[in-house]
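The values are calculated or read from the model by the stated rules, or taken from the named source; none is laboratory data. Small disclaimer: the values here were computed from a predicted structure and weren't measured. Cβ: placed from backbone, ideal geometry, glycine included. Neighbour counts: every protein chain shown.
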């Protein structure tokens, strides 16, 4: 079985999560990319996007779950990550069914 442990920093994990979120509806908008880039270095964004591009959805979920467990986020920190995802979804003024389902699925990942 493949090991999904990463050596990500918290910032890298957050960027990966937001890239994964931006692709929930299979359309990564310029505003979504700008939102993600606004809080990280361009090099971090590029590194995490390259990794995301090489991963399947299953691998992405497993990596995120492993990273969340490793960082042992507080409830407030988890809420911040969740709110970042919601803000990202508001970028196009269309909270699609795919995005709603994504939020439900990620909520399950957050709960462990």
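Annotation note: of 41, 64, the sole residue that is surrounded by 17 or more Cβ atoms within 10 Å (Cβ to Cβ), within 16 Å of residue 15 (Cβ to Cβ) and without any contact (Cβ under 8 Å) to a residue 60 or more places away in the chain is 64. Filtered by the rule that a residue be within 18 Å of residue 61 (Cβ to Cβ) and assigned to a helix (DSSP H, G or I), the stretch 11-40 gives 12, 13, 14, 15, 16, 17, 18, 19, 20, 21, 22.
Restricted to the stretch 3-13, and to residues there that are over 15 Å from the mean Cα position of the chain (by Cα) and either in contact (Cβ under 8 Å) with a residue 24 or more places away in the chain or under 11 Å from residue 49 (Cα atoms) (or both), the residue that is surrounded by the most Cβ atoms within 10 Å (Cβ to Cβ) is 4.
Being modelled with pLDDT of 95 or more, under 12 Å from the mean Cα position of the chain (by Cα) and either surrounded by 15 or more Cβ atoms within 10 Å (Cβ to Cβ) or not in a helix (DSSP H, G or I) (or both) is the requirement here; does residue 85 meet it? No. Can you work out which of the residues in the stretch 67-76 that are over 12 Å from residue 17 (Cα atoms) and in contact with a helix residue (DSSP H, G or I) (Cβ under 8 Å, 6 or more places away or on another chain) is surrounded by the fewest Cβ atoms within 10 Å (Cβ to Cβ)? Here the answer is 71. If the condition is being surrounded by fewer than 15 Cβ atoms within 10 Å (Cβ to Cβ) and over 26 Å from residue 3 (Cβ atoms), then the stretch 93-112 contributes 93, 94, 95, 96, 97, 98, 100, 101, 104. A residue that is more than 19 Å from residue 96 (Cα to Cα), surrounded by fewer than 15 Cβ atoms within 10 Å (Cβ to Cβ) and modelled with pLDDT under 95 occurs nowhere in the stretch 14-26.
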